[in-house]
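The values are calculated or read from the model by the stated rules, or taken from the named source; none is laboratory data. Just so it is clear, the structure is predicted and the values come from calculations on it, not from any experiment. When we count neighbours, we look across all protein chains shown, and the Cβ atoms used for this are built from the backbone with ideal geometry, even at glycine.
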Amino acid sequence: MKFEPKKDIKRFVVICIASVLMAVNIKTFVRTGDLYPGGATGLTILLQTIFDRFFGISVPYTAINLLLNAFPVYIGFRFIGKKFTLFSCLMIVLTSILTDVIPVHVITYDILLISIFGGILSGFAISLCLMVGATSGGTDFISIYLSEKKGVDSWNLILGLNIVIISIAGALFGWDKALYSIIFQFAATQVLHTLYTRYQKRTLFIVTKKPEEISDVIYAITNHGATILEGEGSYEHCERNVVYSIVAKDEVKKVLRAVREIDENAFANEVKTEGLLGHFYQKPND
């Protein structure tokens with residue numbers, strides 16, 4: 001586990017900002033709307049509510065949240081990356097403490113606005129963590145583990161698991177807040193899909209006169225190979241080569257920029273990749 005001063009200081013600062021945003025979101029939108037946002041956060045709030053309403057016991061957010069994250073943190077250390085997990089622990093601890101310290105503040109009582117904008121803020125905070133190599137904990141660890149193990153974008157699967165948690169809350173405390181909580185979680189998931197693209201893939205079809213050079217540059221940038229297909233242009237009836245490759249979505253712009261430098265007349269088509277069979281190189285978390 002190597003310390004990189006510039007990179008790690010940036011990660012530390014961004015994670016602190018994300019922690020503040022997450023805690024403020026809980027003590028404004030989530031608490032005001034009495035929502036259950038899913039994941040470890042939602043389960044923590046659900047357990048706090050159960051202890052308070054059924055047993056008259058006020059349990060700190062920090063105590064429950066740290067306990068619930070114990071197993072996901074183990075998964076992180078064991079299968080994802082030690083530095084990644086350490087920074088994630090920083091996010092979990094800071095968010096927990098700030099949630100207990102920051103007072104509840106009401107921005108609006110409109111439950112629909114709370115669900116939408118609370119979800120957007122939650123998705124943004126989680127995306128900040130993921131983009132600098134950390135996570136907010138809980139089901140995020142599980143999602144990343146499944147994404148790297150199975151090679152698929154599994155955030156919608158986590159949305160399904162969160163709906164189960166929300167359904168339990170609905171059965172215990174009323175379905176109206178549970179349904180609004182689903183809107184909250186859906187908004188958060190959509191923001192996450194938009195901002196964080198590590199596990200999303202794109203297929204590139206590049207028609208070019210320099211297939212070997214372009215194949216080499218794709219490998220140099222992404223560590224992915226390419227297949228060169230031979231074809232014929234329908235207009236001029238001359239030989240054309242097509243370079244076929246699959247890369248991560250966040251690598252596409254860099255690849256296309258390099259392609260343009262090699263062959264300014266190249267024609268490229270980018271297609272969303274829904275699934276893969278076979279090995280696909282994924283840069284490991286640190």
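Things worth noting here:
- Note on region 113-134: among residues that are over 22 Å from Val13 (Cα atoms) and out of contact with any Phe, Trp or Tyr (no Cβ under 7 Å at 6 or more places or on another chain), the one that is surrounded by the most Cβ atoms within 10 Å (Cβ to Cβ) is Ile116.
- Cβ pairs under 9 Å, 6+ apart, first in region 18-43 and in the same structural domain as Thr189 (by TED's automatic domain parsing) and closer than 11 Å to His105 by Cα, second of a type in the set (Phe, Trp, Tyr) and outside any helix (DSSP H, G or I): Val30/Tyr36; Thr32/Tyr109
- Among the candidates Ser96, Ser115, Ser88, the residue that is polar (S, T, N, Q), more than 27 Å from Leu179 (Cα to Cα) and part of a helix (DSSP H, G or I) is uniquely Ser88.
- Index of the failed condition, Thr95 passing every other in (1) within 18 Å of Phe173 (Cα to Cα); (2) modelled with pLDDT of 90 or more: (1)
- Inter-residue pairs, beta-carbon under 6 Å, first closer than 11 Å to Arg11 by Cβ and assigned by TED's automatic domain parsing to the domain that holds Phe71 and in region 86-101, second outside any helix (DSSP H, G or I) and of a type in the set (A, V, I, L, M, F, W, C), 6+ apart: Phe87/Ala134; Ser88/Ala134; Met91/Ala134
- Residue selected from region 118-144 under the condition touching a residue at least 60 places away in the same chain (Cβ under 8 Å) and not in a helix (DSSP H, G or I), by the criterion farthest from Asp250 (Cα to Cα): Gly138
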